[in-house]
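One structure is given below, encoded as structure tokens.
The values are calculated or read from the model by the stated rules, or taken from the named source; none is laboratory data. Computed from a predicted structure; not experimentally measured. Note that we place each Cβ from the backbone using ideal geometry, even for glycine, and neighbour counts take in every protein chain shown.
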Amino acid sequence: MDTKTYLGQISKLDFVIKNKVEEINQLRDMACSISVSPKEVNVQSSGEPDKMGSLVSKIADAEVELAESIEKSFQKKREITQQIEMITNTNQYRILYNRYVLCKNWKTITSEMECSFRGAMSIHGRALQEFEKLFGSYYL
């Protein structure tokens, strides 16, 4: 994996968490909309006998997956943050931290750093090279 992909893991894990939360919310909405008719109470059909129980089970499984994703994200963010903090050049550190840990867009970064887009790209390129020099053997 290249340096950008390695650093971009934080953003991807954040999306996984967001998607899992949405999935859980959809399952909860479905559970709230299930109604039981009097016929279903008295007669069992060949369909799924316990729709509510099945949904509750799916919600519980999804919540376990969410907790695991949050823990994985927390660990990866801590690991990458500690590595970025080893960058001695302040501008390179700021670019990497803002872009990959805080997931800021380039317009925000250039505005906060008061530099041009081209200048930010130049600093970013040097920062990636420095990061790879320090930690490339870990992930390449």
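In summary, helices (runs of 4 or more DSSP H) completely within the stretch 17-109 and bearing 1 or more residues that are at pLDDT 90 or above occur at 51-84, 90-96.
Across the stretch 95-111, the qualifying residues are those that are touching a residue at least 24 places away in the same chain (Cβ under 8 Å) and crowded, with 18+ Cβ neighbours inside 10 Å, and the one among them that is nearest to Gln9 (Cα to Cα) is Tyr100. The condition (being more than 30 Å from Val21 (Cα to Cα) and either under 24 Å from the mean Cα position of the chain (by Cα) or surrounded by 12 or more Cβ atoms within 10 Å (Cβ to Cβ) (or both)) is satisfied by just one residue among Glu79, Glu130, Glu71, Glu114: Glu130. Do you know which residues across the stretch 1-28 are of a type outside the set (Val, Ile, Thr) and more than 16 Å from the chain's Cα centre (by Cα)? Residues satisfying the conditions are Met1, Asp2, Asn25, Gln26, Leu27, Arg28.
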